[in-house]
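Okay, so here's the structure we're looking at.
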Amino acid sequence: MFYAGFSTKQWVAKTGRLFFVLCFSFLFSGAGRLYAQENLLQHGSVGSAEHVSLNGLWQFRTDPGDKGLAENWPEEDLGTWRPIKVPSAFNVAYKELWSYEGVAWYRRGLQLSGEQLAGGQRVFLRFLGASLRKKVWVNGILVGEDVSPYSPFEFEITQAVHPGDNRIVLRTDTRRLEVSLPDRKWNGWWNYGGIYRDVFAEIRPSTFIRSLWMTTEMGDSEESGWQLSVCSDLSLPESIPPAGSVAFTLMDPEGKEVWKGQTQARDGRVSVQGSLAKVRVWEPGFPVLYTLVASVGSHTLTIRTAFRQISTRGSQICLNGKPITLYGINYHEDHEAYGNAIPLEAMKQDLDAIRELGCNFIRTSHYTAHPYVFDYCDKNGILVWTEIPAWKTSVESLTDEDSWRTYIAPQLTSMVREYRHHPCVVFWSVGNEFNSSQPKVAGYVRRAVSFVKQLDSTRLVTFASDKRLQDQAAAYVDVISWNEYYGWYYGTLFDIGPVLDKGHAQWPDKPILISEFGAGGPIDRPTGGGEAVKGKHYTLEYQTRFLRTHLQQIYDPKRASFVAGAAIWCYNDFADPHRHGGGHPEAWYQVNTKGLVTRDRRRKPAFNEVKQIYTAIKGGGGFHESDQEHH
């Protein structure tokens, strides 16, 4: 048996650890290939192609001098490699690498049979997430590069593999560049490195379905039903005859066929339009999901989908033609035990707790989340905002043409391509807290919004602005979204209400959404605040007061006609490199403590406070008199 450049005997000789060999044997056994369909459903779709899980133990080494390319590490066995579990963040797997930013290498074996490569079958290598910039070699052949740190990516490796043992090598680079996305200004969350989401190989037929999605639009009346458009991207090699038709079947939640369509198969995009007179719509509380199946040749692809329409009407956001109020929270993929490689069971516990809060809205901050998050929100009726990691990005990175072509446009494209089939996604965001008071940055927003709308015109496009009344890009977005920290970084607890009123007067035909607001609350500081600076009291008591006071103003009934809702910052504490000094408690350096729970998921008093407030507002009871606070 071959593993990452060594035979079994060689590996035992080098490590003396038979345990690892047993683990490696598992990876190549039938058990290691059980990347089952129920697990694939957690990633949003199910295909008929064979999947080989590449999760488990890989070999790993850092390359602080960036010598690996010159020394031909993709092919040579020089140096010392050590085992690492995939998925994981190497900063967590090896504590001495907590602050390491640089090049790191991974390698492992992939065993393929002659049967898997016969009949024109094609092999793809798919990663659900790895940071930041990646290059992949198979048997010493460079098969692809990717610059989207938080989106899935894949490469065809058919021409590089052969029956038997094959070597996969991945080079990751987490160095922040001056002009890129994210760029050197980025320090808002930890720069975790490595392969932090699932990896698998997929054996597909020569003709296969790359992607599948459905868009829907309400008719003018209930009797006219809904219009639907089913779209699919196909891959048909030129060397074989036409594959005939691609067929689509739509089934209701009970599995009953309700619509069929077909069209001529061709390489690239195909679409079929149709209509249904009676449908059950998807919405929070009643997330009705349909099943859409596409088939071409021997390949099928199945997704969950829904009938839902997101739109704006004047200063309100509408779901399925009716105004909706968003009760939301921001969610960072960060955990004390796992970094950003949170196991699905722990992630489910987070999302269950967010549902318990009464949230119908999640902002995945500040990047596209694990595919499981989107699948969970589809099934549980939670609306989602997702965005590219343009966090406080410099004017140069946003406006440089090479940066646009190399980093920005590919990441916008990847975001839409990977998640457009999820009905929960209602907002595409082009960034967070860049200097949108400058005309050049407003030009970026205009360009990016237009680009996204060409990819998907059925959803709302926005970005999170910290410039508020001074923002120069508000005209280009569907929804004005503000990050505000009145009573924390600036101003007083009672400023946000009047500022919202001024915003509505300035942009009377736009909905306003509060995309961030919060206050730090270290779990060991219930009261006090002797180290307070500029109102930052760093106590659980003040955190609860801050949130209560802001929620009261944001959800004041007199603002219901133009304030669409809010997303609290944030669900969990997270590692944050720039949290130090300025009154930040020394015991909590490099931790953002604005979460409703700690990094290890202990709940703070603010959790129950928010739960009670959201429950009261959604129930029509508003705030209790004891909850209200006035300036």
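Is it the case that some residue within the range 179-201 is farther than 19 Å from Ser275 by Cβ, among the aliphatic types (A, V, I, L, M), open to solvent by 10 Å² or more (accessible area, probe 1.4 Å) and not in a strand (DSSP E or B)?
yes
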Go through the range 99-129 residue by residue and tally those that are open to solvent by 10 Å² or more (accessible area, probe 1.4 Å), in contact with a strand residue (DSSP E or B) (Cβ under 9 Å, 6 or more places away or on another chain) and either of a type in the set (A, V, I, L, M, F, W, C) or not in a loop (DSSP other than H, G, I, E, B) (or both). 4
Answer with yes or no whether Gly583 is at pLDDT 85 or above and open to solvent by less than 50 Å² (accessible area, probe 1.4 Å). no
Would you mind stating whether Ile408 is in contact (Cβ under 8 Å) with a residue 40 or more places away in the chain and either part of a helix (DSSP H, G or I) or of a type outside the set (D, E, K, R) (or both)? yes
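Which of the residues belonging to the range 212-232 are in a strand (DSSP E or B) and open to solvent by less than 50 Å² (accessible area, probe 1.4 Å)?
Result: Leu212, Trp213, Met214, Thr215, Thr216, Trp226, Leu228, Ser229, Val230, Cys231, Ser232.
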Per the filter on the range 271-287, residues over 19 Å from His422 (Cβ atoms) and either open to solvent by 30 Å² or more (accessible area, probe 1.4 Å) or at pLDDT below 95 (or both) are Gln273, Ser275, Ala277, Lys278
Quick one: would you say Asn592 is crowded, with 21+ Cβ neighbours inside 10 Å and at pLDDT 95 or above? yes
When both residues are 6+ apart or on different chains and their Cβ atoms are under 6 Å apart, which pairs have a first residue that lies in the range 466-490 and is under 18 Å from Thr312 (Cα atoms), and a second that is among the basic types (Lys, Arg)? Tyr476/Arg446; Ile480/Lys510; Trp482/Arg468
Condition check: of a type in the set (A, V, I, L, M, F, W, C), open to solvent by less than 60 Å² (accessible area, probe 1.4 Å) and out of contact with any Phe, Trp or Tyr (no Cβ under 8 Å at 6 or more places or on another chain). Does Leu132 satisfy that? yes
Could you tell me whether the range 48-63 includes any residue that is assigned to a strand (DSSP E or B), more than 30 Å from Val293 (Cα to Cα) and of a type in the set (Asp, Glu)? yes
Does Ser414 satisfy the condition of being open to solvent by less than 20 Å² (accessible area, probe 1.4 Å), in contact (Cβ under 8 Å) with a residue 60 or more places away in the chain and over 12 Å from the mean Cα position of the chain (by Cα)? no
Among (1) crowded, with 19+ Cβ neighbours inside 10 Å; (2) assigned to a loop (DSSP other than H, G, I, E, B), there is one condition Arg167 misses while meeting the rest; what is its number? (2)
The range 381-397, residues that are assigned to a helix (DSSP H, G or I) and out of contact with any Asp or Glu (no Cβ under 9 Å at 6 or more places or on another chain): Val395
Could you check His537 against (1) out of contact with any Leu (no Cβ under 9 Å at 6 or more places or on another chain); (2) crowded, with 23+ Cβ neighbours inside 10 Å; (3) modelled with pLDDT of 95 or more and say which number it fails? (3)
When Phe374 is evaluated against the numbered criteria (1) touching a Gly at 6+ places or on another chain (Cβ under 7 Å); (2) open to solvent by 10 Å² or more (accessible area, probe 1.4 Å), which criterion, by number, is the only one it fails? (2)
Over the range 469-502, the set of residues over 23 Å from Leu383 (Cβ atoms), open to solvent by 20 Å² or more (accessible area, probe 1.4 Å), of a type outside the set (A, V, I, L, M, F, W, C) and touching a helix residue (DSSP H, G or I) at 6+ places or on another chain (Cβ under 8 Å) is Gln472, Tyr486, Asp501, Lys502
Against the condition surrounded by fewer than 20 Cβ atoms within 10 Å (Cβ to Cβ), among the small types (Gly, Ala, Ser) and more than 18 Å from the chain's Cα centre (by Cα), how does Ser403 come out, does it pass? no
Residue under evaluation Phe427, criteria (1) out of contact with any Lys or Arg (no Cβ under 6 Å at 6 or more places or on another chain); (2) touching a residue at least 24 places away in the same chain (Cβ under 8 Å); (3) surrounded by fewer than 23 Cβ atoms within 10 Å (Cβ to Cβ); (4) not in a helix (DSSP H, G or I), criterion not met: (3)
Identity of the residue in the range 253-302, part of a strand (DSSP E or B) and among the acidic types (Asp, Glu), that ends up farthest from Leu383 (Cα to Cα): Glu257
Determine whether Tyr150 is on the phi < 0 side of the Ramachandran plot, touching a Pro at 6+ places or on another chain (Cβ under 7 Å), open to solvent by less than 20 Å² (accessible area, probe 1.4 Å) and not acidic (Asp, Glu). yes
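Here's the yes/no breakdown for (1) under 30 Å from Ala505 (Cα atoms); (2) part of a loop (DSSP other than H, G, I, E, B); (3) in contact (Cβ under 8 Å) with a residue 40 or more places away in the chain; (4) open to solvent by less than 10 Å² (accessible area, probe 1.4 Å):
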residue: Arg304; (1), (2), (3), (4): no, no, yes, no
residue: Thr312; (1), (2), (3), (4): yes, no, yes, no
residue: Cys318; (1), (2), (3), (4): yes, no, no, yes
residue: Tyr327; (1), (2), (3), (4): yes, no, yes, no
residue: Ala341; (1), (2), (3), (4): no, yes, yes, no
residue: Glu345; (1), (2), (3), (4): no, no, no, no
residue: Asp350; (1), (2), (3), (4): no, no, yes, yes
residue: Glu356; (1), (2), (3), (4): no, no, yes, no
residue: Ile362; (1), (2), (3), (4): yes, no, yes, yes
Kindly indicate whether any position in the range 432-451 is open to solvent by less than 10 Å² (accessible area, probe 1.4 Å) and under 17 Å from the mean Cα position of the chain (by Cα). yes
Residues within the range 558-589 that are in contact (Cβ under 8 Å) with a residue 40 or more places away in the chain, on the phi > 0 side of the Ramachandran plot and in a loop (DSSP other than H, G, I, E, B), tallied: 2
The correct count of residues that are assigned to a loop (DSSP other than H, G, I, E, B), touching a strand residue (DSSP E or B) at 6+ places or on another chain (Cβ under 8 Å) and open to solvent by 30 Å² or more (accessible area, probe 1.4 Å) in the range 595-609 is 3
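The values are calculated or read from the model by the stated rules, or taken from the named source; none is laboratory data. Only a predicted model underlies this, so the values are computations on that prediction, with no experimental measurement involved. We place every Cβ from the backbone using ideal geometry, glycine too, and count neighbours over all the protein chains shown. Keep in mind that these areas ignore ligands, DNA and RNA; they rest on the heavy atoms of the full protein, side chains included. Shrake-Rupley method; radii C 1.70, N 1.55, O 1.52, S 1.80 Å.
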